[in-house]
Amino acid sequence: MSARRPVEPVQVIKQRRDAVLRAMVDGVPYIQFLGIQFERRGDELTAVLPYKEELIGNPLLPALHGGATAAFLEVTAIMTLNWRIIWEDMESGALDGADTDPEMLPRLPKTIDFTVDYLRSGLPRDAYARARINRSGRRYASVHVEGWQDNRARLYAQATGHFLMPTRDK
């Protein structure tokens, strides 16, 4: 008979997952520069770009800078791809979640191309984004990202990106 792993309390598992997510996000200084935060519900991430005056590109409207919007959507796509890898590792036991050493986390995917559709001006308020992974293989991934502000059904930007996945050590 094989020995079963002891069952951990749900709260301990959640704390470990949150710690790994924090370590993943803290490992990218540009995320801190923009002020992007991530909320986790199970294996799904929602990115939050809190409003700050520095993100305004056109003060006459005022509207969020297109580069800030594009960076926000690209960061959301990359972190969602990385989170899927980490989630699978945590579920399989390859990553126990207790070790939040950045060296233990997988490298980030590299952008091949990233196309943004600006659907309307980003207003001076918080923005949210979620990525959907269309395909993810050993070497390549395709991701669609949607960004909204007050109303999830009323997108202000969306993007599609293709990424080179990091090689995995066996």
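The values are calculated or read from the model by the stated rules, or taken from the named source; none is laboratory data. If you're wondering where the values come from, they're calculated on a predicted model, not measured in any experiment. Methodologically, a virtual Cβ is constructed for each residue, glycine included, from the backbone with ideal geometry; neighbour enumeration extends over all protein chains shown.
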Residue check for residue 42: closer than 24 Å to residue 114 by Cα, among the small types (Gly, Ala, Ser) and either modelled with pLDDT of 85 or more or within 19 Å of the chain's Cα centre (by Cα) (or both): no
Within region 146-158, is even one residue modelled with pLDDT under 95, under 22 Å from residue 36 (Cα atoms) and of a type in the set (Asp, Glu)? yes
Would you tally the residues in region 8-57 being more than 16 Å from residue 74 (Cα to Cα) and of a type in the set (Val, Ile, Thr)? 5
Considering every residue within region 46-63, establish whether at least one is under 16 Å from residue 18 (Cα atoms) and either of a type in the set (Phe, Trp, Tyr) or crowded, with 19+ Cβ neighbours inside 10 Å (or both). yes
Kindly check whether there is at least one residue in region 27-37 that is over 26 Å from residue 167 (Cα atoms), of a type in the set (Val, Ile, Thr) and assigned to a helix (DSSP H, G or I). no
Do you know which of the residues in region 131-161 that are within 18 Å of residue 83 (Cβ to Cβ), crowded, with 18+ Cβ neighbours inside 10 Å and not β-branched (Val, Ile, Thr) is nearest to the chain's Cα centre (by Cα)? 131
Among the residues of region 132-153, write down those that are of a type in the set (Gly, Ala, Ser) and more than 17 Å from residue 73 (Cβ to Cβ). 136, 137, 153
Look at residue 70 and say whether it is modelled with pLDDT under 90 and over 16 Å from residue 132 (Cβ atoms). no
